[in-house]
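Single-structure report; data block below.
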Amino acid sequence: MDIGNEYLKVIKERFKRVKDLADKTISQLSEEDLHWKVNEASNTIATIVKHVSGNMISRWSDFLTSDGEKSFRNRDQEFKEDMPSKQEMILIWEKGWDTLLNTLKELESPDLLKNITIRGEKHTVLEAIERQMAHYSYHVGQIVYIGKQIKSENWKTLSIPVGKSEDFLQQMLNKHKSLKTEEHRQ
């Protein structure tokens, strides 16, 4: 087993799981909800989506060959509240994720130790991937938290419901026990 290829497989799945949390949150929200903010110093979900997508397109386009802060990016514009519709927001969101996931598909184990730059600062590809995972997880956490505040008692949980941890543990143990039994039979 090649550790680099295993890492790339795992990190692709982790990014998809992070995206899934945001997608499931956004699906619960109305157009109006996407523009809600607690105060003037806060960002709306629509603004966070625009920022994350802008970051992804900049960082992951020509990933191995050009600086991650592209000249076409206008980071300050990403924080302007000007998203006209939920549908357009989702298109922007998907464009960012497509850029990231398509770039990850192209990477191979030897690429992980290559050097790239972000704002002129040198990083290994491995460091850059981890940097972006932390950044996107941070913002997806914000999206989920805002969504939970908006939906309140109507929130559909994205994880193990409160008070159901033991039930979930038993389901998982039984599932994996069944898989082991089935593997043993084969």
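Couple of notes before you dig in:
- Residue pairs whose Cβ atoms lie under 6 Å apart, sitting 6 or more positions apart in sequence or on different chains, and linking a residue in segment 146-158 that is touching a residue at least 12 places away in the same chain (Cβ under 8 Å) to a partner that is of a type in the set (A, V, I, L, M) and open to solvent by 50 Å² or more (accessible area, probe 1.4 Å), are Leu158/Leu21.
- Which listed residue is more than 25 Å from Ile26 (Cα to Cα), in contact with a Leu (Cβ under 7 Å, 6 or more places away or on another chain), open to solvent by 30 Å² or more (accessible area, probe 1.4 Å) and not basic (Lys, Arg), from Leu107, Leu64, Leu126, Leu112: Leu126
- Filter pass, Arg59 being surrounded by fewer than 16 Cβ atoms within 10 Å (Cβ to Cβ) and either farther than 23 Å from Leu113 by Cβ or in contact (Cβ under 8 Å) with a residue 60 or more places away in the chain (or both): no
- Meets criteria (within 30 Å of Ser109 (Cβ to Cβ) and of a type outside the set (Val, Ile, Thr)) for Met172: no
- Only one entry of Ile90, Ile118, Ile143 meets the criterion of being open to solvent by 40 Å² or more (accessible area, probe 1.4 Å) and under 18 Å from Gly54 (Cβ atoms), and that entry is Ile90.
- Segment 12-50, subset among the small types (Gly, Ala, Ser) and within 26 Å of Thr103 (Cβ to Cβ), residue most open to solvent (accessible area, probe 1.4 Å): Ser27
- Failed item, numbered, when Lys80 is tested on (1) closer than 25 Å to Asp111 by Cβ; (2) surrounded by fewer than 20 Cβ atoms within 10 Å (Cβ to Cβ); (3) not β-branched (Val, Ile, Thr): (1)
- Residues satisfying the stated conditions in segment 107-145, i.e. among the charged types (D, E, K, R), touching a residue at least 40 places away in the same chain (Cβ under 8 Å) and assigned to a helix (DSSP H, G or I): Asp111
- Top-ranked residue in segment 146-177 [being open to solvent by 50 Å² or more (accessible area, probe 1.4 Å) and among the small types (Gly, Ala, Ser); ranked as nearest to Thr117 (Cα to Cα)]: Ser159
The values are calculated or read from the model by the stated rules, or taken from the named source; none is laboratory data. Since this is a predicted model, take the numbers as computed values, not measurements. When we count neighbours, we look across all protein chains shown, and the Cβ atoms used for this are built from the backbone with ideal geometry, even at glycine. Heavy atoms of the whole protein, side chains included, go into the accessibility calculation; ligands, DNA and RNA do not. Shrake-Rupley method; radii C 1.70, N 1.55, O 1.52, S 1.80 Å.
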